[in-house]
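Everything on this sheet refers to the single structure shown next.
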Amino acid sequence: MAFSNNNTPIVLLFLVVVNLLIVSSSAQLSTNFYSKSCPKLFQTVKSTVQSAINRETRMGASLLRLFFHDCFVNGCDGSLLLDDTSSFTGEKRAAPNVNSVRGFEVIDNIKSAVEKACPGVVSCADILAIIARDSVVILGGPNWNVKLGRRDARTASQGAANSSIPPPTSNLNQLISSFSAVGLSTKDMVALSGAHTIGQARCTSFRARIYNETNNIDSSFATTRQRNCPRNAGSGDNNLAPLDLQTPTKFDNNYFKNLVSKRGLLHSDQQLFNGGSADSFVRSYSNNPSSFSSDFVTAMIKMGDNRPLTGSNGEIRKNCRMRN
């Protein structure tokens, strides 16, 4: 968008104000926000997350993904959790989410347990931040202190979800742009993509890659994945494959080793190691797991700072699926 010289100072002032608002909101978050109002919060949440992962290991990746998909759409405000009603359209049926995001029943269980411990105190947005950390830790990844103090949105945007969450068909420039839009650098983007060291993807997400791509995919890997993902759409669409071929239920740096070997499952995965500006980060993380862990934690905290509702903005939902 082009602006005339006369408008430039106004535009710059607007950008400064927006940035100050983002900074001031995230500055109100703190790691000890509930230390007095809900002292048993962390143990209450983690025990429920642990139980869910014990029942189904994949759930750890699903819970982590909820935080990503929430934060990328108008900030980390719990809007993803709102159900559709006759008069309200939420984000669950947006293209990146429908038949894809999962774990909402686990959120219900956690919220119920937290409400018993400290009624009306802890937001659903903060619960998403905590379970993302807990899932990573339970599956063998790094630990960090979660910044808290977010409040819950009263609105949601299916349109923003459709436009803000990068699809698995994204190329590197599109990925960089999507992450940049929420204040994350290329380095942050590569580190956060390492979350694909756990979890699974549906055949519909990687069918085009394993059948149509040749230059940046290991042929034996493609053949292996084709066995459970038929070429024709409508056949085996929901069949699952691990995002990390080697250790699909352990949070480690094998995802990056896979990329170096041209064994990224999604097109968007392999774009991180395809002769572009992200290659150096991928190679570094493939050789240095501690570097990956450190940068992942930094990027998770940074993502969690994205446009939170604080103070008197938003609300503390009683039920994460609906507004009060």
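The values are calculated or read from the model by the stated rules, or taken from the named source; none is laboratory data. Just so you know, these numbers come straight off a predicted model, no measurement behind them. Reconstructed Cβ throughout: ideal geometry from the backbone, glycine too, with neighbour counts over all protein chains shown. In case anyone asks, the SASA skips ligands and DNA or RNA and just uses the protein heavy atoms, side chains included. Shrake-Rupley method; radii C 1.70, N 1.55, O 1.52, S 1.80 Å.
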(request) Among the candidates 244, 252, single out the residue that is of a type in the set (Asp, Glu), open to solvent by less than 10 Å² (accessible area, probe 1.4 Å) and assigned to a loop (DSSP other than H, G, I, E, B). (result) 244
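Consider residue 110 carefully, then state whether it is closer than 17 Å to residue 200 by Cβ, hydrophobic (A, V, I, L, M, F, W, C) and at pLDDT 95 or above. Let's see the steps before the verdict.
Values: closer than 17 Å to residue 200 by Cβ: no; hydrophobic (A, V, I, L, M, F, W, C): yes; at pLDDT 95 or above: yes.
Spelling it out, it is not the case that residue 110 is closer than 17 Å to residue 200 by Cβ, hydrophobic (A, V, I, L, M, F, W, C) and at pLDDT 95 or above.
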(message) The conditions are (1) more than 15 Å from the chain's Cα centre (by Cα); (2) closer than 30 Å to residue 39 by Cα; (3) of a type outside the set (Gly, Ala, Ser), and residue 169 fails exactly one of them. Which is it?
(response) (2)
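Out of the residues in region 54-67 meeting the condition of being crowded, with 21+ Cβ neighbours inside 10 Å and not charged (D, E, K, R), tell me which one is farthest from the chain's Cα centre (by Cα). Break it down into steps so the answer makes sense when it comes.
If we filter region 54-67 for residues that are crowded, with 21+ Cβ neighbours inside 10 Å, which is where we start, we get 59-67.
Checking which are not charged (D, E, K, R) leaves us with 59-64, 66-67.
On the way: 59: 14, 60: 12, 61: 9, 62: 9, 63: 9, 64: 6, 66: 6, 67: 5 Å.
Here the residue is 59.
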(request) Find all pairs meeting these conditions: Cβ atoms under 8 angstrom apart; at least six residues apart or on different chains; first residue within region 286-309 and under 17 Å from residue 180 (Cβ atoms); second residue open to solvent by less than 40 Å² (accessible area, probe 1.4 Å) and acidic (Asp, Glu). (result) 295/188; 298/188; 299/188; 302/188; 303/188; 307/77
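Test residue 128 against the criterion of being outside the structural domain of residue 157 (by the TED database), under 18 Å from residue 314 (Cα atoms), touching a Leu at 6+ places or on another chain (Cβ under 7 Å) and among the aliphatic types (A, V, I, L, M), and give yes or no. Please lay out each step first, then the result.
On the way: outside the structural domain of residue 157 (by the TED database): no; under 18 Å from residue 314 (Cα atoms): yes; touching a Leu at 6+ places or on another chain (Cβ under 7 Å): yes; among the aliphatic types (A, V, I, L, M): yes.
Spelling it out, it is not the case that residue 128 is outside the structural domain of residue 157 (by the TED database), under 18 Å from residue 314 (Cα atoms), touching a Leu at 6+ places or on another chain (Cβ under 7 Å) and among the aliphatic types (A, V, I, L, M).
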(message) Considering only residues that are polar (S, T, N, Q), open to solvent by less than 40 Å² (accessible area, probe 1.4 Å) and in a helix (DSSP H, G or I), which ones fall in region 255-280?
(response) 258, 268, 270
(request) Could you tell me which of the residues 237, 295 is open to solvent by less than 60 Å² (accessible area, probe 1.4 Å) and either part of a helix (DSSP H, G or I) or on the phi > 0 side of the Ramachandran plot (or both)? (result) 295
(message) Given the criteria outside the structural domain of residue 238 (by the TED database), open to solvent by 40 Å² or more (accessible area, probe 1.4 Å), outside any helix (DSSP H, G or I) and modelled with pLDDT under 95, does residue 99 qualify?
(response) yes
(request) Determine which member of the set 307, 283 is open to solvent by 30 Å² or more (accessible area, probe 1.4 Å), basic (Lys, Arg) and in a loop (DSSP other than H, G, I, E, B). (result) 307
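Quick check: is even one residue across region 155-169 open to solvent by less than 40 Å² (accessible area, probe 1.4 Å), in a helix (DSSP H, G or I) and under 16 Å from residue 81 (Cβ atoms)? Lay out the reasoning, then the answer.
Narrowing region 155-169 to residues open to solvent by less than 40 Å² (accessible area, probe 1.4 Å): 156-157, 160-161, 164-166.
Checking which are in a helix (DSSP H, G or I) leaves us with 160-161, 164.
Filter once more, so that each one left must be under 16 Å from residue 81 (Cβ atoms): 160-161.
Yes, some residue in region 155-169 is open to solvent by less than 40 Å² (accessible area, probe 1.4 Å), in a helix (DSSP H, G or I) and under 16 Å from residue 81 (Cβ atoms).
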(request) Please specify each residue of region 206-233 satisfying the condition of being of a type in the set (S, T, N, Q) and open to solvent by less than 40 Å² (accessible area, probe 1.4 Å). (result) 216
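For the structure I just gave you, tell me whether residue 188 is within 20 Å of residue 71 (Cβ to Cβ) and either in a loop (DSSP other than H, G, I, E, B) or at pLDDT 95 or above (or both).
Numbers: within 20 Å of residue 71 (Cβ to Cβ): yes; either in a loop (DSSP other than H, G, I, E, B) or at pLDDT 95 or above (or both): yes.
Here the answer is yes, as residue 188 does meet what is asked.
For residue 201, indicate whether it is small (Gly, Ala, Ser) and assigned to a strand (DSSP E or B).
It is true that residue 201 is small (Gly, Ala, Ser) and assigned to a strand (DSSP E or B).
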(request) Could you please find all residues in region 213-245 being polar (S, T, N, Q), modelled with pLDDT of 95 or more and over 25 Å from residue 97 (Cα atoms)? (result) 216, 219, 220, 223, 224
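For the condition among the small types (Gly, Ala, Ser), touching a helix residue (DSSP H, G or I) at 6+ places or on another chain (Cβ under 6 Å) and under 22 Å from residue 60 (Cβ atoms), what is the one hit in 236, 264? Spell out the reasoning first.
Working: 236 fails: under 22 Å from residue 60 (Cβ atoms).
The match here is 264.
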(request) Could you list, in sequence order, all residues of region 197-220 that are within 25 Å of residue 252 (Cα to Cα) and over 26 Å from the mean Cα position of the chain (by Cα)? (result) 218, 219, 220
